[in-house]
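In what follows, a single structure is set out as structure tokens and then discussed.
The values are calculated or read from the model by the stated rules, or taken from the named source; none is laboratory data. All values derive from a computational prediction rather than experimental measurement. Cβ atoms come from the backbone with ideal geometry, glycine included; neighbour counts cover every protein chain shown. Side chains included, ligands, DNA and RNA excluded: accessible areas come from the protein's heavy atoms. Shrake-Rupley method; radii C 1.70, N 1.55, O 1.52, S 1.80 Å.
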Amino acid sequence: MDNTRRKFIKNSAIAAAGTYLGTMGLSAKSYGNIIGANDRVRVGVVGFSDRFTSALMPSFLKSNKELNFDIVGVSDLWNYRRELGVNHIKGLIGHDIKACRNNDELYAMKDLDAVIVSTADFQHALHTIEAVNAGCDVYCEKPFAETMSDNRAALKAVKASKQIVQIGSQRRSGKNYKAAADFIQQGKFGDITMVELSWNVNQPGRWRRPDLVAKIKEQDTDWKRFLMNRPFEAWDPRKYLEYRLFWPYSSGMPGQWMSHQIDTVHWFTGLQHPRSVVANGGIYQWKDGRRNWDTTTAVFDYGPQNKKDDGFQVVFTSRMHNGDEKPAEIYYANGGELNLITNTVSPTGGLTERHASVMGMKPNLLPNLKLAELVKVDSAADAGADDLVTNHMRNWMECIRSRKETHAPVEAGYYHSIANIMTNASARTGYKATFDETTQEVMVNGKIFKY
């Protein structure tokens, strides 16, 4: 359907529906935002990244034909990756797409409906703002933001826009995680007393791109546009391509790994952020010029702000020099544990008859049960293209058509970012980090955390 005819049909439908929109609970504006079932949703790619090729694109292809979604353009600042992106997507989609040197060119395209953002960590919130201001729905990779100023600005822009946003916290689209959330929220688990989170690898090359670092030249990209609102630094190909190793372009472990796991704490409990965080660690093994640690331990205090004696502790540990990348998430209660490695609830560690009777108490033991079927992981799992990402991408696509809220709306990104920023603040200052509800600022030693 050409652009003129498409607009004519949409405008005619809006006019015809005007007499009864009120009874449907829809304004003319919200009705106009609904994309017809027969209209193709045209998607742009913001950042042709490894994450996009290995996980997001395969997940998109699982549902795009059924739901009538298409990719029409790709924006990347580096001419090499831009050309690579065009050829890669063209080969999968089956038609030409537009190569855009930057996002200004992408949003100048007519009838662009949505974008997938998979750029550098510190750019996600800013690129989301650009997208919703251009009237596009957004699938945005995590971490959502690495500073509170970016975090607040992006939340404000999204809430003012009415656009559909899915944060890449794909655990929210997993059946086993949904079963865990239901079990806890229905009171069956009891009070959470502690949560242990871990994510360990043994990869000297994790987040390194030596071949690309040797290939890229400053004149072939746009360094100043890449930096966006970060302090100016001289051109450095490592910071451009290996940004996850360098603050302030990424917080490293908190933003990349912890953001997934801490989001489940917020989701399961309804708590928005920690009351405090203390983090410690260092660069103990991979001394390759990186700024971000290769070993991290963060300890969180969670609970109601107005009930300091009510809460629980969360511990996140991560190392990059020993591990097999089997992320662990274990929730503890007085009656046992909920283990998202084995996907079970069990009485392990619960209060037994022997120890309860000594104090005149009754035993407290959870049942043994399976939460749900474990998510199926395919042969591309090592690259991230599993059922979680596929289900998450599909949920976003379905919500674009229905205009319903996604599994991981902008608030999910806003709150996991608070936890990430608090962790990073403690790690970089050596002080306990807290959060000021009034100013929505992360505080360390009585001061607002900055770069």
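Some values worked out for this structure:
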{"item": "Hey, D263 out of contact with any Gly (no Cβ under 8 Å at 6 or more places or on another chain), open to solvent by less than 20 Å² (accessible area, probe 1.4 Å), in contact (Cβ under 8 Å) with a residue 24 or more places away in the chain and within 27 Å of L340 (Cα to Cα) or not", "result": "yes"}
{"item": "Unique match (being among the hydrophobic types (A, V, I, L, M, F, W, C), touching an Asp or Glu at 6+ places or on another chain (Cβ under 7 Å) and surrounded by 15 or more Cβ atoms within 10 Å (Cβ to Cβ)) among A120, A114", "result": "A114"}
{"item": "Pairs with Cβ under 9 Å, 6+ apart, first in region 91-103 and farther than 20 Å from T119 by Cβ, second among the polar types (S, T, N, Q) and modelled with pLDDT of 95 or more", "result": "I93/N64"}
{"item": "Candidate set: region 218-250, residues that are without any contact (Cβ under 8 Å) to a residue 24 or more places away in the chain and surrounded by fewer than 12 Cβ atoms within 10 Å (Cβ to Cβ); chosen: the one farthest from R81 (Cα to Cα)", "result": "F232"}
{"item": "Residue under evaluation K62, criteria (1) open to solvent by less than 30 Å² (accessible area, probe 1.4 Å); (2) among the basic types (K, R); (3) part of a helix (DSSP H, G or I), criterion not met", "result": "(1)"}
{"item": "Residue match in region 150-162 (condition: in contact (Cβ under 8 Å) with a residue 60 or more places away in the chain, among the hydroxyl-bearing types (S, T, Y) and open to solvent by less than 30 Å² (accessible area, probe 1.4 Å))", "result": "no"}
{"item": "Qualifying residue in region 301-311 (condition: in a strand (DSSP E or B), open to solvent by 10 Å² or more (accessible area, probe 1.4 Å) and on the phi < 0 side of the Ramachandran plot)", "result": "yes"}
{"item": "Counted residues, region 343-368 - those being open to solvent by less than 60 Å² (accessible area, probe 1.4 Å), among the hydrophobic types (A, V, I, L, M, F, W, C) and not in a loop (DSSP other than H, G, I, E, B)", "result": "3"}
{"item": "Answer residue from region 385-420, given it is of a type in the set (D, E, K, R) and farther than 13 Å from I167 by Cβ and is surrounded by the fewest Cβ atoms within 10 Å (Cβ to Cβ) among those", "result": "K404"}
{"item": "Inter-residue pairs, beta-carbon under 9 Å, first on the phi > 0 side of the Ramachandran plot and open to solvent by less than 50 Å² (accessible area, probe 1.4 Å) and in region 175-193, second modelled with pLDDT of 95 or more and of a type in the set (S, T, N, Q), 6+ apart", "result": "G190/N334; G190/N364"}
{"item": "Hits in region 312-342 (condition: crowded, with 20+ Cβ neighbours inside 10 Å and more than 20 Å from the chain's Cα centre (by Cα))", "result": "R319, M320, Y331, Y332, A333, G335, G336, E337, L338"}
{"item": "Among (1) touching a residue at least 60 places away in the same chain (Cβ under 8 Å); (2) polar (S, T, N, Q); (3) open to solvent by 50 Å² or more (accessible area, probe 1.4 Å); (4) not in a loop (DSSP other than H, G, I, E, B), the one test that T297 misses", "result": "(1)"}
{"item": "Contacts under 6 angstrom Cβ, first residue in region 43-55 being on the phi < 0 side of the Ramachandran plot, partner modelled with pLDDT under 95 and surrounded by fewer than 19 Cβ atoms within 10 Å (Cβ to Cβ), 6 or more apart", "result": "S54/A383; S54/G384; A55/G384"}
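Yes/no per residue for (1) assigned to a strand (DSSP E or B); (2) under 21 Å from F312 (Cα atoms):
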position	(1), (2)
A181	no, yes
G187	no, yes
T193	yes, yes
L212	no, no
W235	no, no
Y240	no, no
P254	no, yes
